[in-house]
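A.B. asks: Okay, here's the structure, questions in a sec.
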Amino acid sequence: MSAPGLFISFEGIDGSGKSTQARRLDAALRAQGRETVLTREPGGSPGAEEIRRLLLDGPEDRWSAETEILLFTAARRDHLERVIAPALDAGRVVICDRFADSTRMYQGLGRAALRGLVDRLHTLTIGREPDLTLLIDMDPATGLDRALSRGTGEARFESFGSDMQARMREGFLALAREFPERISTVDGNRAEDTVAAEVLRLVEARLP
Ligand code: TMP
């Protein structure tokens, strides 16, 4: 049974501007008087934020691709149980910066061809997709420059280079073709205000 709230995720390559757009959408919906929850993955609940540190700190070879999938999925399960599902049940709009599509891409396509494992684990332990996913599409070189200049100190994923960015971008666009009902692609190579206006229009079309 679907929940009364609306579950929105933002996806895209590193440096796509999706976190900025998620924040702007949250502010715009709040200004309309709607109750929202702005959250992120990996993380979003105290337990999942601890798992985030395990995942993003340390050397690149700290975890095998399979272990990484288990950790991202464990974090997601905690986040879903403690934050996302209760908020949706209470009728709120949940805006999540990355969700399962990121695992399908980064672990299922990027590090190894493990999409089958990602999907099976998702079905077994998560079993829920966003109502709407906004894919912020971005030129991979621009995205990489922006991500590197930010320097968050979360070293494991920042060491991935331009080839990986380009493959992830193609992978996300293919995913949008695979799930055309759920995923809307937004051209992120435009002024921030223009992108924010399109995002709000797409979301308003789904709101009661
Ligand atoms: P962020 O920069 O959007 O906070 O995401 C942190 C990194 O984690 C980013 O490089 C993508 C990566 N990631 C995965 O590899 N798999 C996942 O399932 C998620 C949610 C993020």
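The values are calculated or read from the model by the stated rules, or taken from the named source; none is laboratory data. Because the structure is predicted, anything quoted here is derived from the model rather than measured. Please note: Cβ atoms are built from the backbone with ideal geometry, for glycine as well, and neighbour counts cover all protein chains shown. Surface areas here come from the heavy atoms of the whole protein model, side chains and all, with no ligands, DNA or RNA. Shrake-Rupley method; radii C 1.70, N 1.55, O 1.52, S 1.80 Å.
A.B. asks: Checking GLY108 against (1) touching a helix residue (DSSP H, G or I) at 6+ places or on another chain (Cβ under 7 Å); (2) part of a helix (DSSP H, G or I); (3) more than 11 Å from the ligand (Cβ to nearest atom): exactly one of these is not met. Which one?
C.D. replies: Every listed condition holds for GLY108 apart from (3).
A.B. asks: Which members of region 115-139 meet the condition of being among the hydrophobic types (A, V, I, L, M, F, W, C) and within 20 Å of THR194 (Cβ to Cβ)?
C.D. replies: First pass over region 115-139, keeping only residues among the hydrophobic types (A, V, I, L, M, F, W, C): 117-118, 121, 124, 126, 132, 134-136, 138.
Of everything in region 115-139, those that are among the hydrophobic types (A, V, I, L, M, F, W, C) and within 20 Å of THR194 (Cβ to Cβ) turn out to be LEU132, LEU134, LEU135, ILE136, MET138.
A.B. asks: Let me ask another. Any idea which of ARG146, ARG169, ARG190, ARG201 is of a type outside the set (A, V, I, L, M), part of a loop (DSSP other than H, G, I, E, B), out of contact with any Leu (no Cβ under 7 Å at 6 or more places or on another chain) and over 26 Å from SER45 (Cα atoms)?
C.D. replies: Every option except ARG190 fails the conditions.
A.B. asks: Looking at this structure, is THR123 at pLDDT below 90, out of contact with any Ser or Thr (no Cβ under 9 Å at 6 or more places or on another chain) and open to solvent by 10 Å² or more (accessible area, probe 1.4 Å)?
C.D. replies: no
A.B. asks: Within the group ALA113, ALA141, which residue is more than 11 Å from the ligand (Cβ to nearest atom), modelled with pLDDT under 95 and part of a helix (DSSP H, G or I)?
C.D. replies: Every option except ALA141 fails the conditions.
A.B. asks: Based on what the data block shows, is ILE183 open to solvent by 10 Å² or more (accessible area, probe 1.4 Å), under 13 Å from the mean Cα position of the chain (by Cα) and under 14 Å from GLU11 (Cα atoms)?
C.D. replies: The answer is yes for ILE183.
A.B. asks: Let me ask something else about it. Give the residue, chosen from ARG52, ARG82, ARG77, ARG62, that is of a type in the set (D, E, K, R) and more than 15 Å from the ligand (Cβ to nearest atom).
C.D. replies: ARG82
A.B. asks: Another one. Assess whether GLY43 counts as being farther than 17 Å from LEU134 by Cα, within 11 Å of the ligand (Cβ to nearest atom) and among the small types (Gly, Ala, Ser).
C.D. replies: It is true that GLY43 is farther than 17 Å from LEU134 by Cα, within 11 Å of the ligand (Cβ to nearest atom) and among the small types (Gly, Ala, Ser).
A.B. asks: Run HIS79 past the list (1) touching a Pro at 6+ places or on another chain (Cβ under 6 Å); (2) open to solvent by less than 30 Å² (accessible area, probe 1.4 Å) and report the number of the one that doesn't hold.
C.D. replies: Condition not satisfied by HIS79: (1).
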